[in-house]
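The values are calculated or read from the model by the stated rules, or taken from the named source; none is laboratory data. None of these values were measured; they are calculated from a predicted model. Methodologically, a virtual Cβ is constructed for each residue, glycine included, from the backbone with ideal geometry; neighbour enumeration extends over all protein chains shown. For the accessible areas, the whole protein counts, side chains as well, though only heavy atoms, and no ligand, DNA or RNA atoms are used. Shrake-Rupley method; radii C 1.70, N 1.55, O 1.52, S 1.80 Å.
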Amino acid sequence: MKERPSQRQVLLAGSAVTYELQRARRRSIGLTVGERGLVVRAPAWTTVGTIEAALQDKAVWVLRKLHQMQEHARRQQAARIVWADGGQLPWQGGVLTLRCDGLRRAPLLSGEQLHTGLPPDSPASALRTRVLAWFQREARAHFAQQVQRFAPRLQVQPARVLLTSAATRWGSASAQGSIRLNWRLMHLRPELIDYVVVHELAHLREMNHSLRFWAIVEQLVPQHRQLRRELRGVCTPLWD
């Protein structure tokens, strides 16, 4: 019978840390830090003492990762979109102000304002649905444009360009020639968007992260290392 995960607590460098212990078919102890906090996967025969000794050895790494997750959650909460007239929507490195003026049937981007076409007393859910449809439509058009710009220069042609809502990945490429790009990229400045587009197109030539792959990326994005580091620290808003 499979053992259920248990919640335990350990003192690491003076800080009480709660972790979830999962027994698994594996030969060694594995640690991950994510949205669920610290998760420890260990073989059934490993004692709690051995597990917590391993945690002590990795205390600096564990505490740093937990702090990073907490900081990310704080930033994401601060970036939460207020679905009302005057709400702020991050857009290509800047900010759009949502306007519920009921003047138009379809959303219209005008300068730094997005006129949603809804009346001021519209429910938040209706505003979110309309803006999301507009946002994804704009993402699809922008990605298609950038793929058309970069693909010939890399001597590739994707079979399909699809949107993705993946929580932890900005894009992906398949061996069948399709690429997927996260619509949330449209929150970011154009240079970051272009880097991800080029990155996925380059995978159509090299389905790995070899030196040859990075040489292909560098042809069009010489500053890819700096952009990659910046992308790791990006925090996009919650759409709820």
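General observations
- Scanning the range 71-91 for residues being open to solvent by less than 60 Å² (accessible area, probe 1.4 Å) and outside any helix (DSSP H, G or I) gives a total of 9.
- Residues of the range 161-200 satisfying the condition of being hydroxyl-bearing (Ser, Thr, Tyr) and touching a Phe, Trp or Tyr at 6+ places or on another chain (Cβ under 8 Å): 164, 165
- Of everything in the range 28-61 that is touching a residue at least 40 places away in the same chain (Cβ under 8 Å) and closer than 14 Å to residue 5 by Cβ, the residue that is least open to solvent (accessible area, probe 1.4 Å) is 48.
- All positions within the range 122-143 that are in a loop (DSSP other than H, G, I, E, B) and open to solvent by 60 Å² or more (accessible area, probe 1.4 Å): 123
- Verdict on residue 149 being of a type in the set (Lys, Arg), within 15 Å of the chain's Cα centre (by Cα) and part of a helix (DSSP H, G or I): no
- The range 118-135 residues that are of a type in the set (Gly, Ala, Ser), paired with ones that are open to solvent by less than 60 Å² (accessible area, probe 1.4 Å) (beta carbon under 7 Å, 6 or more apart): 122/100; 124/83; 124/84; 126/118
- Pick from the range 155-207, criterion free of Cβ contacts under 8 Å to residues at least 24 places away in the same chain and of a type in the set (Gly, Ala, Ser), ranking: most open to solvent (accessible area, probe 1.4 Å): 167
- Checked against the criterion of being loosely packed, with under 12 Cβ neighbours inside 10 Å and part of a helix (DSSP H, G or I), the range 103-121 contains not a single residue that satisfies it.
- Number of positions in the range 204-224 that are within 21 Å of residue 139 (Cβ to Cβ) and either in contact with a Phe, Trp or Tyr (Cβ under 7 Å, 6 or more places away or on another chain) or in a helix (DSSP H, G or I) (or both): 2
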